[in-house]
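One structure is given below, encoded as structure tokens.
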Amino acid sequence: MASFNEIEKASAVISEAARNVLKSVTDLDQRTASMVESTARITAMIEHSSAESQSIAAASEEQSASMEEIAASSAALSQMAEELSGIVGEFKVS
């Protein structure tokens, strides 16, 4: 009779330990799922930020190219103005 009680107590201890392990595994699974979800959100934010950075870089390059064209046009107009001034200076009003 004493050995049946010992077996019953041991069985209860093992059962409780199994429930604790199951709870720990369930908690770990939930935490892992939460981490995966957080990682996915962070990845999406990084991808969005990267796309925005590329867009800004492209716009900056376009603006730089436009500024270079404006500077070249300005230099050409300045040269034309000097030439025109020289031509106008050759006219004599009588």
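The values are calculated or read from the model by the stated rules, or taken from the named source; none is laboratory data. The structure presented is a predicted model; accordingly, all values stated were derived computationally and were not measured. Using ideal geometry, Cβ is built from the backbone for each residue, glycine included, and neighbour counts are taken over all protein chains shown.
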Next item on the list: Please give the number of the condition residue 80 fails out of (1) at pLDDT 95 or above; (2) loosely packed, with under 10 Cβ neighbours inside 10 Å; (3) aliphatic (A, V, I, L, M).
Entry: (2)
Next item on the list: Would you confirm whether any residue within segment 2-13 is polar (S, T, N, Q), at negative phi and loosely packed, with under 10 Cβ neighbours inside 10 Å?
Entry: yes
Checklist line | Any pair with Cβ under 7 angstrom, 6 or more apart, that starts in segment 42-68 at a residue that is of a type in the set (A, V, I, L, M) and ends at one that is surrounded by 10 or more Cβ atoms within 10 Å (Cβ to Cβ) | finding: none
